[in-house]
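Please read the structure below before turning to the comments.
The values are calculated or read from the model by the stated rules, or taken from the named source; none is laboratory data. Fair warning: this is a prediction, and the values are worked out from it, not measured in the lab. Cβ placement follows ideal geometry from the backbone for every residue including glycine, while neighbour counts extend to all protein chains displayed.
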Amino acid sequence: MSRRLFYVTFGAVAGVLVVRQAAKAAAALSPGSVAGSLAASLSEFMADVREFMAEREDELRDALGLYDDEDDELPAGASEAPSLPDPRGR
């Protein structure tokens with residue numbers, strides 16, 4: 001009798017654990033969760049692209065001799081590109 005009780009208890013505990021894990025997986029794959037994760041990944045990617053783009057621009061400006069001074073000022077007669085507003089309002 002105790003052997004049956006052990007296996008019934010074991011089965012019940014295993015069932016509860018499986019259901020809880022399945023609920024976590026379903027919540028992680030819900031449309032809202034996936035969209036939030038995608039938005040965060042996209043914003044991180046865009047920040048990385050902006051950073052590398054700025055680094056590459058500096059490398060190109062240095063290679064072409066567009067910076068005469070070490071303080072990275074624009075050469076005489078060059079106009080600065082207009083700054084665009086940040087779409088996120090920062």
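List of remarks:
- Listed by first and then second residue, the pairs with beta-carbon distance under 7 Å, at least 6 apart or on different chains, first residue in the stretch 35-55 and at negative phi, second at pLDDT below 95 and of a type in the set (Asp, Glu), form an empty list.
Quick grid of which residues meet (1) out of contact with any helix residue (DSSP H, G or I) (no Cβ under 8 Å at 6 or more places or on another chain); (2) exposed (fewer than 10 other Cβ atoms within 10 Å of the Cβ); (3) modelled with pLDDT of 85 or more:
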position	(1), (2), (3)
3	yes, yes, yes
12	yes, no, yes
21	yes, no, yes
43	yes, no, yes
49	yes, no, yes
77	yes, yes, no
